[in-house]
Each structure stands twice: as C-alpha cells, then as structure tokens.
Ligand code: NI
C-alpha cells in the first residue's frame, strides 16, 4: 500500500502550496492511507434526474463511491466498468449496494449529461453533481485530490485521485479500494461487508 501511495504521489502534478482548504495530493493520500483523520461526511447534491440527494437518502445500503468526471479519457470509465461488473457478480446480494459516481467537474457534468453517461455502466448507478462549493466539500471530506486548469473552456483534463470508497449502511466510512482494483476484488470486499 505504501508503494502504491508513492506511485500515486509521484504520478501527480507537483504538490501545491498547502492550506486547509487546498491540501496537496500527497497530504490527502497520506491522510487517507494513514487513517488518522476522519474520512467521509454529509453531502447535499443533485442526481442525474435533477433531484436533490443527500447522504441520508442512501442509509440502509452499502455505499460504493467513486469521484471522477465524464470527460475522463480512460481511468474513470475503467473504474466504473469494474465497479459495475462487481455489482453484477454479486447477483441479488448486490441489491444492498448503492453505487455513486460524484463528479469533480460540475461545470460540464450537468444532470442531463450525467444521465447519458451512467446508462453506459450500470442501471443502478446514481451520478451526483452540484454547486462547485458542495463538490469541493464532499471531495475534501473523502480526501479526494483534484485539480482543474484555471483557464477553462473547451477541452480540459481534471487531475484526480481514484479510490473507491466504502460507506456503511449507517453512513459511516468503512474503507477504500485502491485504484485499479479488479471486479473480483471489489466484489469480494463488498461481500465481506454485507
Ligand atoms: Ni478520471
């Protein structure tokens, strides 16, 4: 896991000046891996149908959260595909799992855009967007690093970490799966928590 952390830190852009609202990728990954700080928390967002959704709506299900953006060329689609295959492997037991995709690019990822996107993955996948401040808040709560280019417009890429987060039926954070986890690994982890 530490080797993975080093790889991840090394692969990301140079750490930026650190402050509480804008921690570096290294600081966020360390906080997640060390588990000394609380992870997770409430959110108040909008789903792909335009409906307001909060964390409380998903109590009673085991949450699988992934943060990314729909214009991501390869990593996000690969991870969402693995997550979707894992849900299918679980069969009826998978009904107790709620997969959530939270965008880090709310400007482009409008509800209608997300609605088109999620159909490519899993019928039960809920995608969430919202005001930039709400996205920043939930990303920071989950120790997600992301950086969008300051001069936007046209095509741009969003640097981001890609952990899958497990959230218990009571809404409390349980742990994470590293980027690149196979559908089998995701299914096994979920099964152990059901
Ligand atoms: Ni991505």
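The values are calculated or read from the model by the stated rules, or taken from the named source; none is laboratory data. Note that the coordinates shown come from a computational prediction; the quantities given were computed from them, not determined experimentally. A quick note on method: Cβ atoms are made from the backbone with ideal geometry, for glycine too, and the neighbour counts reach across all protein chains shown.
Observations on the model:
- Inclusion of residue 33 among residues that are part of a strand (DSSP E or B), under 16 Å from the mean Cα position of the chain (by Cα) and away from the ligand (no atom under 16 Å from the Cβ) is not warranted.
- Residue 80 vs. criteria within 14 Å of the ligand (Cβ to nearest atom), surrounded by 18 or more Cβ atoms within 10 Å (Cβ to Cβ), modelled with pLDDT of 95 or more and at negative phi: yes
- Filter result for residue 101 (under 12 Å from the mean Cα position of the chain (by Cα), surrounded by 24 or more Cβ atoms within 10 Å (Cβ to Cβ), under 26 Å from residue 145 (Cα atoms) and within 9 Å of the ligand (Cβ to nearest atom)): no
- Taking region 129-162 as the range and being within 13 Å of the ligand (Cβ to nearest atom), over 29 Å from residue 187 (Cβ atoms) and not in a loop (DSSP other than H, G, I, E, B) as the test, only 147 passes.
- Restricting region 57-77 to residues that are over 15 Å from residue 126 (Cα atoms) and either without any contact (Cβ under 8 Å) to a residue 40 or more places away in the chain or not in a helix (DSSP H, G or I) (or both), the residue that is farthest from the ligand (Cβ to nearest atom): 60
- Residue 175 being in contact with a strand residue (DSSP E or B) (Cβ under 8 Å, 6 or more places away or on another chain) and more than 16 Å from the ligand (Cβ to nearest atom): yes
- For residue 153, the requirement of being over 21 Å from residue 61 (Cα atoms), over 13 Å from the mean Cα position of the chain (by Cα) and either modelled with pLDDT under 95 or surrounded by 14 or more Cβ atoms within 10 Å (Cβ to Cβ) (or both) is met.
- Subset of region 163-180 that is assigned to a loop (DSSP other than H, G, I, E, B) and either more than 11 Å from the chain's Cα centre (by Cα) or at pLDDT 95 or above (or both) - its residue that is nearest to residue 136 (Cα to Cα): 163
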